[in-house]
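All remarks here apply to the structure that follows.
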Amino acid sequence: MSRAWAAAFALAAASVLWISGAARAEPPSAHATPTYVLSIWTNDADDQADALTQQLRSRVRQVAGWSLLETTQSFETLAIALRCPPTPNQACLDRIGEQLHADHYVWGTMAKEKAGEVTAEVRLWTRGKPPTDASEAYSENLKDPSDDALRAIASRLITKVLGAGPAGTLVVHAGTGKGAVLIDGVSKGALDEGAARLKVPVGQHAVGVRVAGFQAEAKTVTTTDEGEEEVTLTLSPLAPQGEEAAPEAEPAADRKSRPFPLRKVLAYSAIVAGAALLVGAVVEGAAWVSDKNASSSDRSSIPASVTDVCSVMGQPPSVMSAAQDACSKNSNATGASTGAWIFGGLGAALVGTGVVLLVTDPGHPDVTEPAQAMARPRVEVVPSVGPRLGVLGLRLTF
């Protein structure tokens, strides 16, 4: 059975590790340190851990000198996949960093240590440096990511583990009234008599404003930690309601982004892993046929009075030799048969799961794509069996 294990499980493991590294954000600015925030690990506070994870990621987006890399990975999933001990050690944390191709990531744990209360431990892993950590105990009723109290807790935790990065001063001018200043699409300050002075992370940013009854195009500004950077945005009155919008504003759907196709990745990975296991099943099946035939051939040269070929005494040497060979071949055939059933069952289950995921995938169609680009991939599995040989062809047509 060992003849097919190595190839089958090597392919399956490669598929899993490939998935784990697939979801990654766009490169951050040159002056911001990128970091992941992995889902909080918990055994008894799932809702509270999910809410805190969302708020931690939101807080990182607002910390000067840091940028958030997007990922769907949880610390628990990575720790299990990389065979980390129950209490993660430094070697485990380093392997997770290698798997993420990251120099920094935030991870944490949560547990209900007291009645009605949860305790969160949040840590920053940095390549080649000691970790920094922070902890907070708070009411288990804080399950809503938009709760102000939870937002304050996440802010304290992130401030403790990340600290403050380099920041520059930005002076914004827009009209003469009140409004909001947007830095990279997020509200960061308020206009007072058409002006605002803000501290923003060092680097390149898109600066815009939101003023009632007016619109203004955002401008790109690069801030440094030396001196001030000024930017003036020209306000234009919005068209009255009922009038047609400018033609250039209509095809907004053309710029619609498409999410990462995680469902398809999982489906194809399951099919590939299942196909590898089916190959193993075919190989073991062919070995079973060969060993069974060889055992039967040896048995034909043994007297019918011998009922157990594995325990033969007092027979001629030729009969003894044939009995020993028959016993060995029969044992090999039994092992090959067991392997074929195990590989076949697991392989069929994985392939079936992959096909179901593909068939039931609703897809994420882009409104500007032609209809023929929406066609689903076709999967063909072509088996071929011969003496002591098993082949399973997998053909994907796009």
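Being buried (at least 21 other Cβ atoms within 10 Å of the Cβ) and at pLDDT below 90 is the requirement here; does VAL63 meet it? Show your work before the answer.
Numbers: buried (at least 21 other Cβ atoms within 10 Å of the Cβ): yes; at pLDDT below 90: yes.
Yes.
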Return only the number of the condition from (1) of a type in the set (Val, Ile, Thr); (2) surrounded by 14 or more Cβ atoms within 10 Å (Cβ to Cβ); (3) modelled with pLDDT of 90 or more that ILE183 does not satisfy. (3)
Quickly run through segment 342-363 and pick out the residues that are closer than 22 Å to PHE260 by Cα and not hydrophobic (A, V, I, L, M, F, W, C). THR353, GLY354, THR360, ASP361, PRO362, GLY363
Residue pairs meeting the criteria (Cβ under 6 Å; at least 6 apart or on separate chains; first free of Cβ contacts under 8 Å to residues at least 24 places away in the same chain, in segment 55-84; second crowded, with 17+ Cβ neighbours inside 10 Å and of a type in the set (Val, Ile, Thr)): ARG57/VAL37
From the options VAL122, VAL106, residue that is out of contact with any helix residue (DSSP H, G or I) (no Cβ under 6 Å at 6 or more places or on another chain) and closer than 12 Å to ILE40 by Cα: VAL106
The one condition in (1) surrounded by 15 or more Cβ atoms within 10 Å (Cβ to Cβ); (2) modelled with pLDDT of 85 or more; (3) more than 30 Å from THR224 (Cα to Cα) that LEU11 fails to fulfil: (2)
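Being among the aliphatic types (A, V, I, L, M) and either surrounded by 15 or more Cβ atoms within 10 Å (Cβ to Cβ) or at pLDDT below 90 (or both) is the filter here, so list the residues in segment 153-179 that pass it. Please lay out each step first, then the result.
Of all residues in segment 153-179, those among the aliphatic types (A, V, I, L, M) come to 153-154, 157-158, 161-162, 164, 167, 170-172, 174.
Matches in segment 153-179: ILE153, ALA154, LEU157, ILE158, VAL161, LEU162, ALA164, ALA167, LEU170, VAL172, ALA174.
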Tell me, which helices (runs of 4 or more DSSP H) lie completely within segment 30-114 with 1 or more residues that are of a type in the set (Asp, Glu) and touching a Lys or Arg at 6+ places or on another chain (Cβ under 9 Å)? 46-60, 90-100
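The values are calculated or read from the model by the stated rules, or taken from the named source; none is laboratory data. Values in this document were obtained by computation on a predicted structure and should not be read as measured data. Virtual Cβ from ideal backbone geometry, glycine too; neighbours counted across all protein chains shown.
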